[in-house]
Amino acid sequence: MIRILGLRVDQVNMEQALARLSEAIAAFRAGKSRGAQVVTINPEGIWLARGDEQLRRIIEEAYLVTPDGSGVLWAAARQGKILDERVTGIDLLYRLCERAAEEQWRVYLLGAKPGIADEAAARLRLAYPHLLIVGRENGYFRDREEQVICEIAASRPDILFAALGMPYQEKWLAANIEKLGCAVMIGVGGSFDVIAGRVRRAPRLLQRLRLEWLWRLLHDPRRWRRFLAIPRFMAAVRREIKNNNEK
Ligand code: UDP
């Protein structure tokens with residue numbers, strides 16, 4: 001585990017993350033776990049958590065915290081720590097669905113605007129014909145929250161993907177972990193919009209150049225306020241390293 005601005009990030013690549021989640025499902029089935037929460041943390045998330053005690057605690061207590069965002073890899077490298085690759089929510093979702101289809105793990109999709117989770121489910125089934133999607137629900141359920149929780153628990157998913165946006169999804173999962181009764185719970189932000197084809201993900205070249213954030217900013221300029229966190233994050237990381245070197 002490494003720390004970036006005091007926040008925990010686990011040193012895992014995609015294969016290692018998948019192995020850990022496989023273990024979590026086995027442990028849950030054996031009655032040895034009450035459910036494992038996964039946080040995929042990017043620079044905006046780290047920045048947010050610095051001023052949000054509740055989110056910080058969730059990150060500390062999570063089963064797994066994966067490095068999401070090239071800024072996290074950059075910050076680790078500045079400390080001389082190597083993170084192999086980004087483990088983003090959407091990539092984890094695809095890889096978990098692939099494995100779920102092989103292992104017959106049960107999957108639930110919660111979040112995004114009405115109709116989007118249905119569309120995402122249809123597309124995932126096309127990609128992984130044996131995938132067992134045991135339920136779907138949109139992410140605007142404040143007035144019937146208990147009912148939604150009961151429906152999720154009753155469908156006994158092994159993996160719950162919650163696409164409610166950060167930090168709401170992390171807080172909601174942490175608050176309801178016992179009632180949800182899922183082996184693995186992951187916040188995946190805007191992933192369903194991308195899977196459903198409503199939002200286009202950055203081309204691979206931009207992803208490789210670590211410029212996915214720029215693509216997102218250009219496509220959704222309303223996000224600019226959130227993106228201000230990135231230069232602030234980078235300045236704070238530089239400052240922290242300088243201070244440590246001077247000690
Ligand atoms: N969303 C939701 N319920 C809410 C608020 C947001 O389901 O109460 C969904 C929204 O429709 C979108 C996702 O959460 O699909 C947030 O996407 P965004 O890209 O903003 O999240 P991030 O990846 O930054 O966490």
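The values are calculated or read from the model by the stated rules, or taken from the named source; none is laboratory data. Keep in mind that what you see is a predicted model, and the values were worked out from it rather than measured. Backbone-built Cβ (ideal geometry, glycine too); neighbour counts: all protein chains shown. Ligands, DNA and RNA are excluded from the accessible area calculation, which covers all protein heavy atoms including side chains. Shrake-Rupley method; radii C 1.70, N 1.55, O 1.52, S 1.80 Å.
Lysine pair count for the chain (Cα-Cα distance under 26 Å; residues 8 or more apart in sequence or on different chains): 7.
Protein-only accessible surface at a 1.4 angstrom probe places the residues E44, E98, E23 in the order E23, E98, E44, largest first.
Ligands, DNA and RNA excluded, the heavy atoms of V199 present near 70 Å² of accessible surface to a 1.4 Å solvent probe. With a point put 7 Å past each Cα toward its Cβ, work out how far R156 is from S33 in nm, to one decimal. Distance between label points: 1.8 nm.
Accessible area of E137 (1.4 Å probe, protein heavy atoms only, ligands and nucleic acids ignored): about 30 Å².
Expressed as a whole number of Å, what is the distance separating the alpha-carbon centroids of the range 174-199 and the range 208-247? After rounding, the separation between the Cα centres reads 25 Å.
One Cα centroid belongs to the range 1-58, the other to the range 61-123; the line between them spans 11 Å.
The residues of the chain expose on average 49 square angstrom of accessible surface per residue, using a 1.4 Å probe on protein heavy atoms. Spin-label model, R204 to L132: label points 7 Å out along the Cα-to-beta-carbon direction sit 3.2 nm apart. Which one of R208, R86, R106 has the biggest mean-square fluctuation once the chain is modelled by GNM with Cα springs under 10 Å? Residue with maximal mean-square fluctuation among R208, R86, R106: R208. Which shape class applies to the range 1-74: rounded if a/c is under 1.5, otherwise prolate when a/b exceeds b/c and oblate if not, where a ≥ b ≥ c are the square roots of the Cα gyration tensor eigenvalues? Verdict is oblate for the range 1-74. Within the full protein context, the accessible area of D91 is estimated at about 40 Å² for a probe radius of 1.4 Å.
When Y128, Y94 are compared by accessible area at a 1.4 angstrom probe, the order from most to least is Y94, Y128. Rounded to 0.05, the FRET efficiency of the M14 and Y140 pair, given R0 = 45 Å and the Cβ-Cβ distance, is 0.90. Shape verdict for the range 79-143, please, from the Cα gyration tensor: rounded (a/c under 1.5), prolate (a/b greater than b/c) or oblate. Taking the square roots of the gyration eigenvalues as a ≥ b ≥ c, the range 79-143 is oblate. Normalised by 2.2 N^0.38 Å, with N the number of residues, the alpha-carbon radius of gyration of the range 1-145 equals 1.13. Residues considered: D68, D158, D52. Largest GNM mean-square fluctuation over the chain, using C-alpha springs under 10 Å, is found at D52. Shape class for the range 146-247, computed from the alpha carbon gyration tensor (a ≥ b ≥ c): oblate, with a/c not under 1.5 and a/b at or below b/c. Compared with the alpha-carbon gap, the fully stretched path from E102 to A235 is longer by 43.5 nm at 0.36 nm per residue.
Protein-only accessible surface at a 1.4 angstrom probe places the residues C150, C182 in the order C150, C182, largest first. Heavy-atom surface analysis with a 1.4 Å probe gives the chain a carbon and sulfur content of 51 percent of its accessible area. Set Lys and Arg Cβ to +1 and Asp and Glu Cβ to -1, take the dipole of the chain about its Cα centre, and tell me which of T88, A62, L126 lies farthest positive. Most positive-ward Cα: T88.
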